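Only the coordinates and a few stated rules stand behind these numbers; no lab work does. What you are looking at is a predicted structure, and each value in this text was computed from that prediction instead of being measured. Using ideal geometry, Cβ is built from the backbone for each residue, glycine included, and neighbour counts are taken over all protein chains shown.
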């Protein structure tokens, strides 16, 4: 897990992301690992009501900063599909400040 902490620090990301990456690391494929890491981050953001207008609302679609995408793609590099970011009404763009506030 220390390797994940080092990578998070080098990209300027908060350290709370490294245990999420470590938890996702046990899965079999890199695609499943990336999905699990993003789901764990989404769960933490929803828990802290980031981007949600009212309690009990459906969670929005989160678009993460480029540093988060770089981290996850560097740790789990196989079979990467570079889809464009969504741009509908339910999209919330997460900033580095949002991530550091959750520390």
- prompt: In nm, what is the difference between 0.36 nm times the number of residues separating residue 85 and residue 47 and their Cα-Cα distance?
  reply: 11.4 nm
message: For the chain, set up a GNM with springs between Cα atoms under 10 Å and report which of 66, 54, 78 has the largest fluctuation.
response: 54
message: Nearest 10 degrees is fine. How inclined is helix 66-75 to the longest principal axis of the chain, computing both from alpha carbons?
response: 40
statement: Candidates for Cα extents along the principal axes in Å are [x] 52, 35, 16; [y] 37, 28, 21; [z] 53, 49, 26, and the calculated one carries label [y]
field: In nm, spacing of pseudo-spin labels at residue 92 and residue 27 (7 Å Cα→C-beta vector)
entry: 2.1
message: Over the chain, with a Gaussian network built from C-alpha contacts below 10 Å, which listed residue (27, 71, 40) shows the highest mean-square fluctuation?
response: 27
task: Springs between alpha-carbon atoms under 10 Å, Gaussian network over the chain: tell me which of 83, 64, 93 tops the mean-square fluctuations.
output: 83
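Pairs of Cα atoms under 8 Å, at least six residues apart: use those to get the relative contact order of the chain, whole percent. Let's see the in-between values first.
On the way: 90 pairs, mean separation 33.1, N = 103.
Reported as a whole number, the value is 32 percent.
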- prompt: Name the residues of region 76-103 whose amide N is less than 20 Å from a point 7 angstrom out from the Cα of residue 57 along the C-beta direction?
  reply: 86-99, 101-102
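Run lengths n ≥ 4 of DSSP H only: what is the helix-derived mean residue ellipticity at 222 nm for the chain, with -39500 (n - 2.57) per run over all residues, to the nearest 500? Intermediate values should be presented prior to the final figure.
Numbers: 5 runs with 51 residues, N = 103.
Dividing the helical sum by the residues of the chain leaves -14500 deg cm²/dmol.
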